[in-house]
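Some notes on the structure that comes next.
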Protein chains: 2
Amino acid sequence: MTVRASDPTGLHRVLDDRVVLPQAAERLDTRKQLWPDEVRIRVERLNLDAASFRQLERKHRTDDGHDGEAVRREVLDIVSTRGKMQNPETGSGGMLVGTVEEVGPDSPLGLKVGDHVATLVSLTLTPLVIEDGLERWDGRSEQVPADGYAVLFGRSIAAVIPDDLDPALSLAVMDVCGAPALTRRVVAEYVQPVVAVIGGAGKSGSLSLAAARDAGAQRTVGIVPTEEERKLLEDSGVADQVVVADARDPIALRDAVAATGDLADVTVVCVDVPGCEGGAILATADSGTVIFFSMATSFSAAALGAEGLAADVRMLVGNGYAPGHAAYALELLRADAGVRGLFERRL
Amino acid sequence: MTVRASDPTGLHRVLDDRVVLPQAAERLDTRKQLWPDEVRIRVERLNLDAASFRQLERKHRTDDGHDGEAVRREVLDIVSTRGKMQNPETGSGGMLVGTVEEVGPDSPLGLKVGDHVATLVSLTLTPLVIEDGLERWDGRSEQVPADGYAVLFGRSIAAVIPDDLDPALSLAVMDVCGAPALTRRVVAEYVQPVVAVIGGAGKSGSLSLAAARDAGAQRTVGIVPTEEERKLLEDSGVADQVVVADARDPIALRDAVAATGDLADVTVVCVDVPGCEGGAILATADSGTVIFFSMATSFSAAALGAEGLAADVRMLVGNGYAPGHAAYALELLRADAGVRGLFERRL
């Protein structure tokens with residue numbers, strides 16, 4: 001048998017006939033034996049992407065909630081069929097926490113056996129084997145206790161979970177750490193911009209609000225869907241202004257943001273529901289930027305929406321990676337009791 | 001009967017139960033009577049979005065090509081069902097050419113009856129009625145001769161077709177005029193960047209190459225799928241370098257761009273085939289920008305692909321609108337015989 005040489009992208013684990021990257025692959029090779037630049041993780045917990053979990057909930061909805069057992073079976077089926085956890089409908093995955101089990105001699109990741117880590121690359125491209133049938137999970141939460149193993153490539157990213165924080169808290173922060181990193185960068189390109197964050201009371205939303213303030217926003221506006229979330233976000237002090245609006249109603253969203261004083265220079269979309277593109281565009285001033293972090297974003301709805309509205313806005317695909325993103329997000333959380341409180345109440 | 005007041009976004013023509021913008025709507029009101037800020041166009045020709053037309057071709061593929069009659073019927077069905085031409089699969093539409101038939105007293109568009117115009121907003125949000133059954137179209141080309149009417153809103157955009165160019169040529173240029181406008185803007189943010197354009201011999205691709213050169217690129221690289229297109233693009237002189245690579249093969253694309261000297265600082269994706277996200281990201285240097293103009297782009301593939309590759313690249317959703325975009329694209333075409341030649345051979 002000839003074994004393919006490894007590629008830092010993980011190409012050598014792709015089983016598809018076409019040459020595609022692991023993220024685009026139908027099926028990955030989950031063999032336990034490592035290539036020299038790989039690392040194997042003993043999995044403790046999966047953290048499913050919110051858009052993916054919501055889709056599974058919707059699909060298996062019942063009269064009194066959803067069928068957790070059916071969700072559990074479907075996740076098991078996806079992982080065994082594809083060799084990775086990638087929701088075929090949403091295309092999204094999530095991340096995982098575990099302990100380093102073996103490090104290939106050529107791995108560039110700087111990890112050592114026994115390190116407690118979170119993977120910061122998506123589950124959609126991570127070879128994964130579940131060995132316990134997810135028996136400790138009831139299918140009712142994005143947090144999935146699991147036993148099994150996963151493989152990291154040369155170009156993957158994993159962060160050691162800090163000692164001073166609850167691991168579940170660190171995981172929740174790292175899961176969304178691309179959002180504050182990119183928000184900081186974009187906000188810093190403007191002079192004292194107005195920053196609106198749709199879904200401001202959520203995980204990526206509250207960190208993005210904190211990042212916007214840190215990066216010099218003139219004022220920050222958190223947009224939330226309910227009175228309950230309004231109170232939560234107001235009490236946290238993370239946003240300068242908080243407004244309730246349905247982000248799927250473009251006119252309501254535009255009017256709600258305008259009523260705070262001005263349209264936003266930077267709008268950050270952090271809610272995992274479809275159909276927020278038009279509202280985000282209309283809520284943004286000319287020459288402003290919309291950053292889409294929601295995996296429920298439709299590329300064509302954004303592109304054609306802006307064109308159709310003759311909106312001169314820049315639209316960014318939220319890249320989950322930026323150098324130093326995990327450290328920055330943890331720093332924001334440690335420095336801001338309001339952000340920390342919003343996270344802790346979700347654990 | 002109460003009639004809703006008009007909104008510049010066209011909201012008053014949306015027939016859905018939920019409040020959505022016309023682009024996101026299932027169905028539009030195509031009544032002929034205008035609201036005061038609207039304009040009605042007598043349609044001459046539709047220009048279907050390439051991704052949409054390809055999808056229809058694939059769906060109705062036959063042993064010796066595709067069933068043009070079935071494609072024609074499906075387009076008629078979409079337009080009569082939805083009140084607009086929006087491919088339910090790709091979400092995309094196209095544009096149209098026609099003559100101004102009536103101008104509402106409050107229209108801000110500056111058009112007058114008899115103006116020969118192209119609409120620069122997508123067909124996906126333009127109320128449209130086809131009155132000739134598309135009888136002059138064989139379903140085998142994106143260019144669709146048609147008789148009927150369409151409605152423009154207060155915030156729509158239409159450009160008068162210039163006298164000095166073949167109308168079909170102007171239409172082809174205006175159809176993709178967002179691409180060179182955004183490319184110019186992004187290229188100008190870098191100092192002498194390397195710019196790679198995937199699909200460089202196509203319409204948006206060749207204009208993007210010309211815009212990159214105009215905006216100060218150090219060198220431009222056109223990427224094409226075949227030897228035939230390589231020769232075409234080389235002969236046109238529009239790109240400094242031309243390479244053949246399959247954009248769906250991420251490793252091949254990365255290696256092809258690297259072989260020209262360096263990875264690209266700005267990569268522009270102008271090919272309407274799915275699966276080019278990973279290659280575009282890998283072909284782009286750290287701190288570079290990828291501009292996605294293809295309607296075949298998958299938001300999650302781009303977002304998760306960059307994260308999964310730990311790629312510190314900025315990714316832009318190609319906005320089809322920028323102020324002055326049509327005039328700039330026409331100016332590039334007039335000034336560059338190579339670009340003009342590439343367009344004229346497609347007419």
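The values are calculated or read from the model by the stated rules, or taken from the named source; none is laboratory data. Just so you know, these numbers come straight off a predicted model, no measurement behind them. All Cβ positions, glycine included, derive from the backbone under ideal geometry; neighbour counts span all protein chains shown. The accessibility values were calculated without ligands, DNA or RNA, using every heavy atom of the protein model including side chains. Shrake-Rupley method; radii C 1.70, N 1.55, O 1.52, S 1.80 Å.
Distances, shortest first, from the label point of B:Asp16 to those at the same position in the other copies read 2.9 nm; the point lies 7 Å along Cα to C-beta. Across identical copies of the chain, A:Lys32 has label-point separations of 7.5 nm, listed in ascending order, with the point defined 7 angstrom from Cα along Cα→Cβ. In this structure, the pairs whose alpha-carbon distance is over 26 Å, taken from B:Lys203/B:Lys231; B:Lys59/B:Lys84; A:Lys32/A:Lys203; B:Lys32/B:Lys112; B:Lys32/B:Lys59, are A:Lys32/A:Lys203; B:Lys32/B:Lys59. Compactness of the range A:9-168 was expressed as the Cα radius of gyration divided by 2.2 N^0.38 Å, which yields 1.02. Take the alpha-carbon centre of the range B:232-253, take the same for the range A:271-322, and report the distance between them in whole Å. What the calculation gives is 30 Å, centre to centre. Rolling a 1.4 angstrom probe over chain A with all protein chains present gives an accessible area of which 47% lies on carbon and sulfur atoms. When DSSP beta bridges are restricted to pairs lying wholly in chain A, around 55% turn out antiparallel. Relative to the compact-globule estimate of 2.2 N^0.38 Å, the Cα radius of gyration of the protein assembly as shown comes out at 0.95. Of all the options A:Asp164, A:Asp132, A:Asp240, the one that moves most in a Gaussian network model of chain A with Cα springs shorter than 10 angstrom is A:Asp164. Exposed loop positions in chain A were taken to be GluC sites (Glu not before Pro) whose DSSP state is not H, G, I, E or B and which have at most 14 other beta-carbon atoms within 10 angstrom. Between these positions, the longest stretch is A:190-347.
I want the local charge near B:Ala301. Using Cβ-Cβ distances under 12 Å, sum +1 for each Lys or Arg and -1 for each Asp or Glu among the other residues. Spelling it out: positives minus negatives among the neighbours equals -1. With a 1.4 Å probe, what is the total accessible area buried between chains B and A, in Å² rounded to the nearest 100? Accessible area lost upon association: around 4600 Å². Residues of the range B:121-157 that bury at least 20 Å² of accessible area when the other protein chains are present, relative to the chain alone (probe 1.4 Å, heavy atoms, ligands and nucleic acids excluded): B:Val121, B:Ser122, B:Leu125, B:Arg155. May I ask you to find the residues of the range B:11-34 that are shielded by at least 50 Å² of accessible area once the whole protein assembly is considered instead of their isolated chain (probe 1.4 Å)? Residues shielded by partner chains are B:Val19, B:Leu21, B:Gln23.
Taking a Cβ cut-off of under 10 Å around A:Gly98, the surrounding Lys, Arg, Asp and Glu residues balance to a net charge of -1, with basic ones at +1 and acidic ones at -1. Rounded to the nearest 500, the helix-only mean residue ellipticity at 222 nm of chain B stands at -9500 deg cm²/dmol, with each DSSP H run of n ≥ 4 adding -39,500 (n - 2.57).
For B:Ala70, what charge total do you get from the other residues with a beta carbon under 11 Å from its beta carbon, if Lys and Arg give +1 and Asp and Glu give -1? Local net charge: -1. Probing with 1.4 Å while keeping every protein chain in the model, the per residue accessible area of the protein assembly as shown equals 37 Å².
Nearest chain B C-beta to the B/A rotation axis, reported as residue and distance in angstrom, is B:Phe299, 2.
Looking at the protein assembly as shown, what % of its DSSP beta bridges pair antiparallel, to the nearest 5? Among the beta bridges of the protein assembly as shown, antiparallel pairing accounts for roughly 55 percent. For the residues A:Ser204, A:Ser236, A:Ser92, a GNM of chain A with alpha-carbon springs under 10 Å puts the largest fluctuation on A:Ser236. The trypsin sites (Lys or Arg not before Pro) found in the range B:132-199 that occupy coil by DSSP, while having at most 12 further C-beta atoms within 10 Å, are B:Arg136. With its label point defined 7 Å out from Cα along the Cα-to-Cβ axis, B:Gly216 lies at 2.1 nm from the matching points of the other copies, in increasing order.
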